[in-house]
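See below for the structure under consideration.
The values are calculated or read from the model by the stated rules, or taken from the named source; none is laboratory data. The shown structure was predicted, so the numbers you read here are calculated from the model rather than taken from an experiment. What goes into the accessible areas is simple: the full protein's heavy atoms, side chains included, and nothing from ligands, DNA or RNA. Shrake-Rupley method; radii C 1.70, N 1.55, O 1.52, S 1.80 Å.
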Amino acid sequence: MDRQISVFLLFILFTSGHSLTCYSCHSEGSCVQQQCYSCLSAKYFMKSSFSPYNTYVQKDKGCATAGECVSGFINIGSKKVSTSCCNTDLCNDKDAPDPSNVTSGKHCYHCEGHSCSSVLRCSESEDHCFTATGDLGGMLRLAKGCVSKSVCNATNMFGFERISCCKRNLCNGAESITPSFLFLCCSLLSLNPAALHILLNIQ
């Protein structure tokens, strides 16, 4: 009986160590607190003809699973994502950082329409090229662009089942296939489903 109690207490201690209190909020709305595995802040940058600065910014905070807890940058050309993940109570009180405006000299392929042969200049915070694929409703989805190495190390890149990163210029190929930023951000956008509509409709 004493052994069973000891095992139960160890289980409680272990699980409680993996339950954090994190902020959960969307854009400029008010925040609430919720229990999470890890805390995440995300910021989306999208080119927009409606913004005076030609860029629309969406900010979100919420939970991340173990495989999604990465801090870094993803750049697919017209859209960028910055994430900041942490593992202490209420540590996502600050916004994710802005990407650097300084180019690194690295170039990667990215997708426009049905073609993935466009060349993208990476910023100094994006030191790898990437290709990511996944299935969505039986259709193959593809994303290419620049990414931070830390994001390459994620076991689940925001819903993608397969991701490969490389360091050389234009090392991520130029295949043509129907691309989708939806799959890239589906996990992050679950923080705010309304942001999905914005991402897919801003030109």
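Partner lysines whose Cα lies under 25 Å from the Cα of K94, excluding those fewer than 8 positions away in the same chain, are identified as K43, K47, K59, K61, K79, K80, K149.
Per residue, the convex hull spanned by the alpha carbons of segment 24-116 comes to 135 Å³. Excluding ligands, DNA and RNA, the accessible surface per residue across segment 50-128 is 50 Å² with a 1.4 Å probe.
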